[in-house]
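Structure, as structure tokens:
The values are calculated or read from the model by the stated rules, or taken from the named source; none is laboratory data. Computed from a predicted structure; not experimentally measured. Quick reminder, even Gly has a Cβ in these numbers, built from the backbone with ideal geometry, and neighbours come from all protein chains shown. Only protein heavy atoms, including side chains, enter the accessible area calculation; ligands, DNA and RNA are left aside. Shrake-Rupley method; radii C 1.70, N 1.55, O 1.52, S 1.80 Å.
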Amino acid sequence: MGLLLDVEDTAVTRQTAEALARMGTAAAVRLIALAVVEADGNQADWLQTGVHDALMGPDGVPDVAAACGKLARDQEEAVRRGAAELSAWTDGTSR
């Protein structure tokens, strides 16, 4: 979480979000979802940029939207809210 919400280096935030989105697992996407809920506006922009970079990359990525769908049923309300936000970011960009 510290890397996803790095207040001193937005490049770290973007790169960490991109790396986790490239993994595409529910556990990786869950971390991004939790960060989205805690992020300020600037951090959220960089998280979104990292996720978008992963989705639009030349190598393709696992289906982040599917992981968001699983997380929509998570027991933790913050995860559900973050997953909903992430899902909105992936609309039309998942492969």
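Hey, among the residues in segment 58-89 that are part of a loop (DSSP other than H, G, I, E, B) and at pLDDT 90 or above, which one's surrounded by the fewest Cβ atoms within 10 Å (Cβ to Cβ)?
Residues of segment 58-89 part of a loop (DSSP other than H, G, I, E, B): 58-63, 72-76.
From what is left, the residues that are at pLDDT 90 or above are 72-76.
Numbers: A72: 15, R73: 9, D74: 17, Q75: 6, E76: 14.
Among those residues, the one meeting the criterion is Q75.
For residues in segment 30-47 being within 15 Å of D6 (Cβ to Cβ), open to solvent by 40 Å² or more (accessible area, probe 1.4 Å) and in contact (Cβ under 8 Å) with a residue 24 or more places away in the chain, which is nearest to the chain's Cα centre (by Cα)?
Only one residue tops the list, namely L31.
Output the residues belonging to segment 48-57 that are without any contact (Cβ under 8 Å) to a residue 40 or more places away in the chain and part of a helix (DSSP H, G or I). Show your work before the answer.
Applying the first criterion (without any contact (Cβ under 8 Å) to a residue 40 or more places away in the chain) to segment 48-57 yields 49-51, 53-54, 56-57.
If the condition is that a residue be without any contact (Cβ under 8 Å) to a residue 40 or more places away in the chain and part of a helix (DSSP H, G or I), then T49, G50, V51, D53, A54, M56 are the ones that fit.
Limited to segment 4-29, what total is found for residues that are among the small types (G, A, S), under 17 Å from L71 (Cα atoms) and surrounded by fewer than 21 Cβ atoms within 10 Å (Cβ to Cβ)?
4
Could you list, in sequence order, the residues of segment 4-35 that are over 21 Å from G57 (Cα atoms) and either in contact with an Asp or Glu (Cβ under 9 Å, 6 or more places away or on another chain) or not in a helix (DSSP H, G or I) (or both)?
L5, D6, V7, E8, D9, L34
Which condition does L34 not pass, out of (1) within 14 Å of E85 (Cα to Cα); (2) touching a Lys or Arg at 6+ places or on another chain (Cβ under 8 Å), if it passes all the others?
(2)
Can you name the condition, by its number, that M23 falls short on among (1) touching a helix residue (DSSP H, G or I) at 6+ places or on another chain (Cβ under 7 Å); (2) touching a residue at least 24 places away in the same chain (Cβ under 8 Å); (3) of a type outside the set (D, E, K, R)?
Of (1) touching a helix residue (DSSP H, G or I) at 6+ places or on another chain (Cβ under 7 Å); (2) touching a residue at least 24 places away in the same chain (Cβ under 8 Å); (3) of a type outside the set (D, E, K, R), only one is false for M23: (1).
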